[in-house]
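Trainee: Here it is, the structure in full.
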Amino acid sequence: MLVFVGVASLFLLPLSGDSTDRPVELGESESYVTSGEISTESDGLLVAHEGTVIADDNAHLTFEYGNRTVERVYDDGTVYTKYETTVTDKDWIESIGPTDAEERHFGEHQDRVVRITEENGTVDSSDMTFVRIQTSHHLRNLEYGQGDEQGDRTVYAPSSTWTTVNTETMHASPTAGKLSVDTETGVLREASLQYQLTNASSYGEYLLRLGETTTVDLRYEYDPNPDIDDIETPTWIDQCVENDHCEF
């Protein structure tokens, strides 16, 4: 009888595991260099980014969302933006972007569509805010155990836990990776993780793999003190904006 009760409880007891004490504080300094990528086995690429920011009026930021790419260059009060996607996604590229921006190029290049605009402005952090929210969200699915200090960094190893994703209870189990945090500030400097998320509301469901499982891959790097004085102008600005001769 006791054995029956114990086994039954594996399928009946609800689970919870969200903890807020995790070393995943993301920095946002005046100047920084950052890169990263988040993808899942079920949905493919969620977001990838590369960015160099020098103060609020000089930056080069690139964001990739599946088949869509948005690249922005901030140059002393002028903002150049290149939108790129597949030919079948032409409606998106025709509608996106500020209405008061000047269109400098719009055209098809093999199986891609490219649109380039120019406007006045300084660095807009909205795209990076989305990246930071997604990065923090996926990092918080795991627990972390503190490891050794390495110079000015503290390294954390991930461990399994229960978490809630879109109101659903899931078991998160790491297969590889670690976090590297600035020991003094607590800001995340580097993350390289791979873990599995299994939809399960009880230990029994998880052990029997009754729910769907997907693999999450996450990479993130952040340097708040880059030794950079200037940002190189991308080729597409010279070709499409300066010389009106786009080649992709």
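The values are calculated or read from the model by the stated rules, or taken from the named source; none is laboratory data. No experiment lies behind these values; they were computed from the predicted model shown. All Cβ positions, even for glycine, are placed from backbone atoms using ideal geometry, and neighbour counts span all protein chains on display. Only protein heavy atoms, including side chains, enter the accessible area calculation; ligands, DNA and RNA are left aside. Shrake-Rupley method; radii C 1.70, N 1.55, O 1.52, S 1.80 Å.
Trainee: Quick check: convex hull over the Cα atoms of the stretch 166-248, volume per residue in Å³, rounded to an integer?
Mentor: Spelled out: Cα convex hull of the stretch 166-248, divided by residues, is 205 Å³.
Trainee: When Lys and Arg each count +1 and Asp and Glu each count -1, what net charge do the other residues less than 13 Å away from A176, Cβ to Cβ, add up to?
Mentor: Combined, the nearby Lys, Arg, Asp and Glu give +1.
Trainee: Right, another one. Stokes-Einstein D for the stretch 72-199 at 20 °C, 1.002 mPa s, Kirkwood Rh over Cα pairs, in µm²/s?
Mentor: 117
Trainee: Taking only Cα atoms, what is the 0 to 90° angle, nearest 10, from helix 2-12's long axis to the longest principal axis of the chain?
Mentor: Between the helix axis and the principal axis of the chain, the angle is about 20 degrees.
Trainee: 222 nm [θ] for the chain, helices only, -39500 (n - 2.57) per DSSP H run of 4+, per residue, to 500?
Mentor: -4000 deg cm²/dmol
Trainee: What is the sum of charges around T215, taking Lys and Arg as +1, Asp and Glu as -1, for the other residues whose C-beta is under 13 Å from the C-beta of T215?
Mentor: Neighbourhood net charge equals -4.
Trainee: Then there is this: Using a simple spin-label model with points 7 Å from Cα along the Cα→Cβ vector, what separation in nm is obtained for R68 and H137?
Mentor: 1.5
Trainee: Shifting gears a bit: Mind giving me the nanometre distance, one decimal, between the label points for F106 and D148, set 7 Å out from Cα along Cα→Cβ?
Mentor: 5.8
Trainee: Still on this model: What accessible area per residue, rounded to a whole number of Å², is obtained for the stretch 127-225 using a probe radius of 1.4 Å?
Mentor: I get 49 Å² per residue for the stretch 127-225.
Trainee: How large is log10 I(q)/I(0) at q = 0.07, 0.11, 0.14 Å⁻¹ when the Debye formula is applied to the Cα atoms of the chain, each weighted equally and without solvent?
Mentor: -0.33, -0.72, -0.99
Trainee: Choose one answer from D227, D182, D75: the residue with the largest mean-square fluctuation in a GNM of the chain with alpha-carbon springs under 10 Å.
Mentor: D227
Trainee: A follow-up question, please. Given +1 on the Cβ of Lys and Arg, -1 on the Cβ of Asp and Glu, and no further charges, what dipole in debye does the chain carry about its Cα centre, rounded to the nearest 20?
Mentor: 1720
Trainee: Then there is this: Which percent of the accessible area of the stretch 121-248 is formed by carbon and sulfur heavy atoms (probe 1.4 angstrom)?
Mentor: So the carbon and sulfur contribution to the accessible surface is 42 percent.
Trainee: While we're looking at this one, here's another question. Going toward the positive end of the dipole of the chain, with +1 on Lys and Arg Cβ and -1 on Asp and Glu Cβ, which of F106, L46, M128 do you reach last?
Mentor: L46
Trainee: So for the stretch 32-97, considering every pair of alpha-carbon atoms, how many percent are separated by more than 21 Å?
Mentor: Percentage above 21 Å: 33.
Trainee: Hey, what did the stretch 127-225 get for relative contact order, percent, Cα under 8 Å, at least 6 apart?
Mentor: Dividing the mean separation by the residue count of the stretch 127-225 yields 20 percent.
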